[in-house]
Amino acid sequence: MSSPRKIGVAILGYAFMCKSHSHGFKSMPHFFHPSPAIPELVVVYGRTENRVREAAVNYGFRKYVTDWRKAVNDPEVEIVDNCLPNSMHVEPTLEAIEKGKHVLCEKPLARNGGEAKILRDAARKARVKTMVAFNYRFVPAVQLARNIVQSGMLGRIYHFRARYLQDWLADPNAPLTWRLRREEAGSGPLGDLGSHIIDLGRFIAGEFKTVMGMVKTFVEERPLPDNPAKKDRVTVDDAFEAVVELENGAIGTLEASRFATGRKNYNNFEINGENGSIEFNLERLNELKIYLKEWEGKAIGGWDTVLVTEKTHPYIKSYWPAGHIIGWEHTFINEVYHFVKAVAVDEEVAPLGATFEDGYRNNVIMDAILRSAENGRKITIEF
């Protein structure tokens, strides 16, 4: 049996997402064997040399660079993984595609629909694999939820409601990072957290038809990271709410906030259908709650909690025996496996992976929520 080929990887960005993604690339062959290919961490890019040098050592890259073009154009690199701030998604990703590199890009795909369309169009023309890193698609319980909905078990879908709540900005003295500047982030928790729940809605419940939104900024000025005595304006939302209608007739609500005191990473969705309901909470990611109408009146009726650790559940057979739970980091391992396999054996990343088309549509929906918040009207989605 021949050994799987090696695939060189460049990661753009050296912070939180680099840590998550590099761990995924390094760990994937340990669990998914025979591996479709063996990722090799060739190079990591960052602007701050001492920090990117440290990341290269800590995460196992062969080298580091302070010019992203050197990473993208490195002849040893086949996959470019863009984990940079949202304002740096378009140019490096476009160049990588033009150079024939496969691209995994962090979410949201871009700051707005116009930028996302540029990347979507480039991906359509290219003969490379492209995917948006919506890693929660690769939670086994989330894929089980999708399978249940698509099987028709719940019948006609009536409601999709989702909320993604954190509290790391509830302190008004937290510094003004790039995520709080519209020119760099595009939006606040709408893009950071809301993009995830919009993607989960599209992935599981159906395409969006209309939205009506509200955004709020609670703290309008924050201390500068390098000069806490001085403050500057926050130019993004601190929280958003939206009422949505799906093309299949279902209605729903979306909510995301970084001011939900006590909530650390509360990504929760519930889907109600004519024959039953399901509920998921990322903070208990090995579980999926299910209610079936046929159980009504029975001794074991009511909501049931499924421990999603059986070999028959998505991805689980590559890990541990039943009852041995997995964690947040495994979402990246599963995501990397899916993308590397698509590259290695020339498969499509859809439908389980988020294409650049999915990323574009996600940005269009977010733009519509912002427009609705500005004019107070319901917006019909036009892709």
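The values are calculated or read from the model by the stated rules, or taken from the named source; none is laboratory data. All figures in this text were calculated on a predicted structure; none of them were measured in a lab. Please note: Cβ atoms are built from the backbone with ideal geometry, for glycine as well, and neighbour counts cover all protein chains shown.
Results, tabulated for the structure shown:
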read-out	value
Hits in segment 190-214 - residues which are closer than 19 Å to Tyr266 by Cα and either part of a strand (DSSP E or B) or touching a Ser or Thr at 6+ places or on another chain (Cβ under 6 Å) (or both)	none
Lone unmet requirement of (1) buried (at least 19 other Cβ atoms within 10 Å of the Cβ); (2) touching a strand residue (DSSP E or B) at 6+ places or on another chain (Cβ under 7 Å); (3) of a type in the set (Phe, Trp, Tyr) for Tyr158	(1)
Where Trp303 falls short, out of the listed (1) over 20 Å from Phe160 (Cβ atoms); (2) surrounded by fewer than 14 Cβ atoms within 10 Å (Cβ to Cβ); (3) not polar (S, T, N, Q)	(1)
Residue in segment 250-271 that is of a type in the set (Asp, Glu) and loosely packed, with under 15 Cβ neighbours inside 10 Å present	no
Residue in segment 140-153 that is surrounded by 20 or more Cβ atoms within 10 Å (Cβ to Cβ) and hydroxyl-bearing (Ser, Thr, Tyr) present	no
Top-ranked residue in segment 92-139 [being aromatic (Phe, Trp, Tyr) and touching a strand residue (DSSP E or B) at 6+ places or on another chain (Cβ under 8 Å); ranked as surrounded by the fewest Cβ atoms within 10 Å (Cβ to Cβ)]	Tyr136
Selected residue (only one of Tyr158, Tyr164 is farther than 30 Å from Ser318 by Cβ and not assigned by TED's automatic domain parsing to the domain that holds Gly100)	Tyr158
Any hit, segment 111-123, residues being under 24 Å from His338 (Cα atoms), part of a loop (DSSP other than H, G, I, E, B) and out of contact with any Pro (no Cβ under 6 Å at 6 or more places or on another chain)	no
Condition met for His30 (out of contact with any strand residue (DSSP E or B) (no Cβ under 9 Å at 6 or more places or on another chain), assigned by TED's automatic domain parsing to the domain that holds Val128 and either modelled with pLDDT under 95 or exposed (fewer than 15 other Cβ atoms within 10 Å of the Cβ) (or both))	yes
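Conditions (1) out of contact with any strand residue (DSSP E or B) (no Cβ under 6 Å at 6 or more places or on another chain); (2) surrounded by 21 or more Cβ atoms within 10 Å (Cβ to Cβ); (3) part of a helix (DSSP H, G or I), marked per residue:
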site: Gly8; (1), (2), (3): no, no, no
site: Lys19; (1), (2), (3): yes, no, yes
site: Ser35; (1), (2), (3): yes, no, no
site: Pro39; (1), (2), (3): no, yes, no
site: Val43; (1), (2), (3): no, yes, no
site: Asn50; (1), (2), (3): yes, no, yes
site: Glu54; (1), (2), (3): yes, no, yes
site: Asp74; (1), (2), (3): no, no, no
site: Val77; (1), (2), (3): no, yes, no
